[in-house]
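The values are calculated or read from the model by the stated rules, or taken from the named source; none is laboratory data. This one's a predicted model, so the numbers in the text were calculated from it and none came from an experiment. Note that each Cβ is placed from the backbone with ideal geometry, even for glycine, and that neighbours are counted across all protein chains shown. Just so you know, the surface numbers come from the protein's heavy atoms only, side chains and all, with ligands and any DNA or RNA stripped out. Shrake-Rupley method; radii C 1.70, N 1.55, O 1.52, S 1.80 Å.
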Amino acid sequence: MATAAAEQLRESFLTGKTRPAAWREAQLRGVLRMVTEMETAICDALHADLAKPRTESYVQEVKSSCKFALKNLKKWMKPQKVSAGVLTFPSTARIAAEPLGVVLVISAWNYPFLLSVDPVIGAIAAGNAVVLKPSEIASATSTLLAELLPRFVDGSFIKVVEGGVPETTALLEQKWDKIFYTGNGKVGRIVLSLAAKHLTPVVLELGGKCPVVVDSNVDAHVAAKRIAVGKWGCNNGQACVAPDFIITTNSFAPKLVESLEKVLLKFYGKDPLQSPDLSQIVNSNHFNRLSRLMDEEMVSDKVVFGGQRDELQLKISPTLLLDVPLDSAIMKEEIFGPLLPIITADKIHESFALINSMTKPLAAYLFTKDSTLQDQFENGISAGATIINDTSIHLTNLHLPFGGVGESGMGAYHGTFSFEAFSHKKAILARCFIGETKARYPPYTPEKLKIVKGVLKGNLLAMIQAISGCARGA
Amino acid sequence: MAAEVARELRASFAAGRTRPVEWRAAQLRALVRMIEEKEGDISAALHADLAKPHMESYLHEISLAKASCTFALKGMKSWTKPEKVPAAITTFPSTAQIVSEPLGVVLVISAWNYPFLLSIDPVIGAIAAGNAVVLKPSEIAPATSSLFAKLLPEYVDNSCIKVVEGGVEETTALLEQKWDKIFYTGSGTVARVVMAAAAKHLTPVALELGGKCPVIVDSNVDLHVAIKRIAVGGFLKRVIERFYGEDPLQSADLSRIVNSKHFNRLTSLVEEKKVADKIVYGGQTDEKQLKIAPTVLVDVPLDTALMTAEIFGPYLPIITVEKIEESIDFINSKTKPLAAYLFTKNKKLQDDFVANVPAGGMLVNDVALHLANPHLPFGGVGESGMGSYHGKFSFDCFTHKKAVLIRGFGGEATARYPPYTTEKQKILRGLINGSFIALILALLGFPKEKR
């Protein structure tokens, strides 16, 4: 089935239908219509998969992505003129974007709608044919996408293939012109090694432990709100950019914990397990994983807030832990859930060493009013993105590239970067038949070498000599 | 040894040695000095490895390497400056920028055909971008490899820029280490090995590979000029004689074949009678000197090795078609090449060619020259590679573009926070849509929370 899908798309792509802007715009408008008309169905599927609150469905973000692409498409498709240079005078030089061809998008379960449609928007805008493999773990959304997309876009160029590990493996064995994968590092390695067999370039949007450093000179209430909404307001912590853990000073920790508790009460009430604004844990697999992290010896006694669980509903309440051991599982693995460890240090600068002892995260957050600390953080911590005084919100800015580095991934997308992720930037140099430089051709003589050296040094006389055909020879 | 080298470089990088722009500029200036002071040695090494004529060493390797350094020196200040981008209404007030940070410790594996340029050029990019770098020159060009191993430590900071010589064994050992990027120039077969090794560490790669670069020659061209220009990259009758004389094997202006393995590979391509019969000019060989004369063939059967594998030698097959447009389909039936060339005065054919032939790069009415323009990205697509470099693209190749968003503590929007309500959602949607009214409402604290 994978072979058939790949073959069919390749045939379709070769017809050239995806190349004109008009076709791409029509597909993007189709996606926009789909999101607008089917919003309720989409939110229902997200709720079925994750008990996701409507506000977190990010339907608006998808619409915004489509509109941004529609607005900028013609500009992106226009070749970019560049300087032609003296060596090839006279000539014109430009860089033109061309589609890579037939691409594969493998999506994730935590934002199953957004992380499926957003890369597909980029692939379409860049003029590719695309297969979307939604996550089988978010089955309602997967089924919905398989049903909806063919109704709103051209099914001979944009296909949905559902399935689990066997289907994904079958897809990965085909030859694609690009693979866009969102998920974890373990599977990321498998995707990359299978891509290597066909020399297929990839974008990998992975994860990591996104640290939040909180300085003592901040507005604790605002910081707490922004951390809380970035953590529990993002799929109850099941987000690649959700704050994973906090580092703050010994002296500030009590104030921060107090602020967080106040904010959590306001957000989710006295019984968070009953709040409609908290997503559930996606499945029992992850529920058990998170329980294990919480229940580890030397960790379970560090819970200072929350910790309530409902196995039937797969719900875990926002949970704060204070000073868990650094070698505990909760500090070694990406949490991807509602547990938030707070590590304390004597001086805020100690946080740098801890963060740099871990792999590079998708995002690193710092709350401070100290601009020197800001600069040090920016220069001293490598991450996909760095945000000062907020969390998670950077992905709403379509002018910023969204992607990781090191273990958190390679490549980026959003806005123009989505278009570029699925394009080949082809260099084009055009000359006419004048401007013959005899000095360039064999037989090579010391005279010719002199002229050539002169031209390269920018010597005007040498250039004139070169073009006027001085020096014997062809 | 590989592990030790990687460890040392990682320590140097972690110490922050490569970050300051002054350090990077100092290394690049040292490289310029090295190229200027040792031009003779470099040329001699290239001649030892490939019998490369001095003019070509100068024009194609030495001058381009120097130009690459000076271009980077000139551009570095602006390249390393953060790029401000528009801030979104959703994060108002804020400033947004993209910061270029070095990837860290990178590995450059070079090739044997332009052993000087293809080693130094990526290294220049790695240094400009603030990385520590290991260079593994090709062992098939041993004189140039030894020269690097001897010269680089004399000119640049050895704690951050190292040369590791060796063959398959040493390269494999290097590939087992964890690098922050690997830049490989060479063949598709080895590229797959490089990428598979990189996959274990989630290391991003740039692969500069090859392919069969086609030249389409339309009938409406200034044939004399077209042929000369192709002849600089390939060879044709009259011009070949003018360039190399009656006995090309004796010309000092012709490089030799790099080694006997490639010599045998090439001669076996024309051994078959059905191929040998198609030779219209040239074909002379000298096994002792490892020289093969420029050779032109016409209408070689398409299923022969000569027509399916990348030639990488002095044979130039000419395929004829009824209509010139057929050539585009022919090219597209093969894997995407590193470059595609077209000689024509027909504008429509030019546009057709550019729009419908995927390739790393393209030239109209010339060959190969695009690699001398630092404003054009040089790289392949599909089987011819991934990633690109030259000019600023070299800097970008070894850089992580980090998104940075900076906010203060003002601009709190109640609409953002749970408990979620329909009113809040409305405002948020307005914000995402870019509505100023929504922004004002949000900042004013709408919707007002019920106590």
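Observations
- Sole exception among (1) crowded, with 20+ Cβ neighbours inside 10 Å; (2) out of contact with any Phe, Trp or Tyr (no Cβ under 8 Å at 6 or more places or on another chain); (3) not small (G, A, S) for A:I316, by number: (2)
- Only one of the listed residues (A:T18, A:T88) is open to solvent by less than 10 Å² (accessible area, probe 1.4 Å), assigned to a loop (DSSP other than H, G, I, E, B), at pLDDT 95 or above and not aliphatic (A, V, I, L, M). That residue is A:T18.
- Residue count for segment A:217-239, restricted to those that are within 14 Å of chain B (Cβ to nearest Cβ) and either outside any helix (DSSP H, G or I) or among the polar types (S, T, N, Q) (or both): 8.
- Some residue of segment B:71-78 being assigned to a helix (DSSP H, G or I), free of Cβ contacts under 8 Å to residues at least 12 places away in the same chain and under 22 Å from B:S251 (Cα atoms): no
- Here is the figure for segment A:327-338: residues that are over 28 Å from the mean Cα position of the chain (by Cα) and either surrounded by fewer than 17 Cβ atoms within 10 Å (Cβ to Cβ) or free of Cβ contacts under 8 Å to residues at least 24 places away in the same chain (or both) total 1.
- Among the candidates A:I137, A:I158, residue that is open to solvent by less than 20 Å² (accessible area, probe 1.4 Å) and either over 26 Å from A:E11 (Cα atoms) or β-branched (V, I, T) (or both): A:I158
- Just so you know, in segment A:410-460 the residues that are β-branched (V, I, T) and more than 7 Å from chain B (Cβ to nearest Cβ) include one that is farthest from A:F68 (Cα to Cα), and it is A:T445.
- Filter result for A:G403 (touching a strand residue (DSSP E or B) at 6+ places or on another chain (Cβ under 7 Å), within 11 Å of chain B (Cβ to nearest Cβ), open to solvent by 30 Å² or more (accessible area, probe 1.4 Å) and within 29 Å of A:F180 (Cα to Cα)): no
- Residue list for segment B:100-119, filter: among the aliphatic types (A, V, I, L, M), more than 24 Å from A:A412 (Cα to Cα) and touching a strand residue (DSSP E or B) at 6+ places or on another chain (Cβ under 8 Å): B:I109, B:A111, B:L118
- Residue ranges of strands (runs of 3 or more DSSP E) in segment B:107-219 with at least 1 members within 25 Å of B:A309 (Cβ to Cβ): B:181-185, B:205-208, B:215-217
- Residues within segment A:140-155 that are aliphatic (A, V, I, L, M) and either within 18 Å of A:L70 (Cβ to Cβ) or open to solvent by less than 20 Å² (accessible area, probe 1.4 Å) (or both), tallied: 4
- Residues located in segment B:389-425, provided they are open to solvent by 20 Å² or more (accessible area, probe 1.4 Å), within 28 Å of the chain's Cα centre (by Cα) and at the interface with another protein chain (Cβ under 7 Å from one of its Cβ atoms): B:K401
- Every pair of residues 6+ apart whose Cβ atoms lie under 6 Å, when the first sits in segment A:178-200 and is within 11 Å of another protein chain (Cβ to nearest Cβ) and farther than 16 Å from A:S135 by Cα while the second is open to solvent by less than 10 Å² (accessible area, probe 1.4 Å) and part of a strand (DSSP E or B): A:K178/A:V103; A:A195/A:I179; A:T200/A:I179
- Helices (runs of 4 or more DSSP H) wholly inside segment B:237-303 that include at least 3 residues being touching a residue at least 12 places away in the same chain (Cβ under 8 Å) and more than 23 Å from B:H54 (Cβ to Cβ): B:260-269
- Of everything in segment B:304-313 that is over 24 Å from B:E241 (Cα atoms) and either touching a helix residue (DSSP H, G or I) at 6+ places or on another chain (Cβ under 7 Å) or in a helix (DSSP H, G or I) (or both), the residue that is most open to solvent (accessible area, probe 1.4 Å) is B:T308.
- If the condition is being open to solvent by less than 60 Å² (accessible area, probe 1.4 Å), part of a loop (DSSP other than H, G, I, E, B) and either of a type in the set (V, I, T) or within 11 Å of another protein chain (Cβ to nearest Cβ) (or both), then segment B:322-350 contributes B:I324, B:K336, B:L338, B:T344.
- A single member of B:E139, B:E169 is over 26 Å from B:G391 (Cβ atoms), free of Cβ contacts under 8 Å to residues at least 24 places away in the same chain, surrounded by fewer than 24 Cβ atoms within 10 Å (Cβ to Cβ) and more than 14 Å from chain A (Cβ to nearest Cβ), and it is B:E169.
- Segment A:30-74, residues that are assigned to a loop (DSSP other than H, G, I, E, B) and either under 22 Å from the mean Cα position of the chain (by Cα) or surrounded by 23 or more Cβ atoms within 10 Å (Cβ to Cβ) (or both): A:K52, A:Y58
- Candidate set: segment A:242-268, residues that are in contact (Cβ under 8 Å) with a residue 60 or more places away in the chain and either assigned to a loop (DSSP other than H, G, I, E, B) or within 14 Å of chain B (Cβ to nearest Cβ) (or both); chosen: the one farthest from A:L206 (Cα to Cα): A:N250
- All positions within segment A:203-227 that are under 22 Å from the mean Cα position of the chain (by Cα) and hydrophobic (A, V, I, L, M, F, W, C): A:V203, A:L204, A:L206, A:C210, A:V212, A:I227
- Qualifying residue in segment A:427-443 (condition: among the polar types (S, T, N, Q), more than 30 Å from B:Y58 (Cβ to Cβ) and either open to solvent by 30 Å² or more (accessible area, probe 1.4 Å) or part of a loop (DSSP other than H, G, I, E, B) (or both)): no
- Residue within segment B:81-95 that is touching a residue at least 40 places away in the same chain (Cβ under 8 Å) and in a strand (DSSP E or B) present: yes
- Consider segment A:359-393 and keep the residues that are open to solvent by 50 Å² or more (accessible area, probe 1.4 Å) and not charged (D, E, K, R). The one that is nearest to the other protein chains (Cβ to nearest Cβ) is A:N379.
- Boolean, B:S435 is of a type in the set (S, T, N, Q), surrounded by fewer than 16 Cβ atoms within 10 Å (Cβ to Cβ) and in contact (Cβ under 8 Å) with a residue 40 or more places away in the chain: yes
- Test for A:L398: is it in contact (Cβ under 8 Å) with a residue 24 or more places away in the chain and at negative phi: yes
- Within this structure, B:L428 fails the test of being surrounded by fewer than 18 Cβ atoms within 10 Å (Cβ to Cβ), among the aliphatic types (A, V, I, L, M) and either more than 30 Å from A:L100 (Cβ to Cβ) or in contact with a strand residue (DSSP E or B) (Cβ under 7 Å, 6 or more places away or on another chain) (or both).
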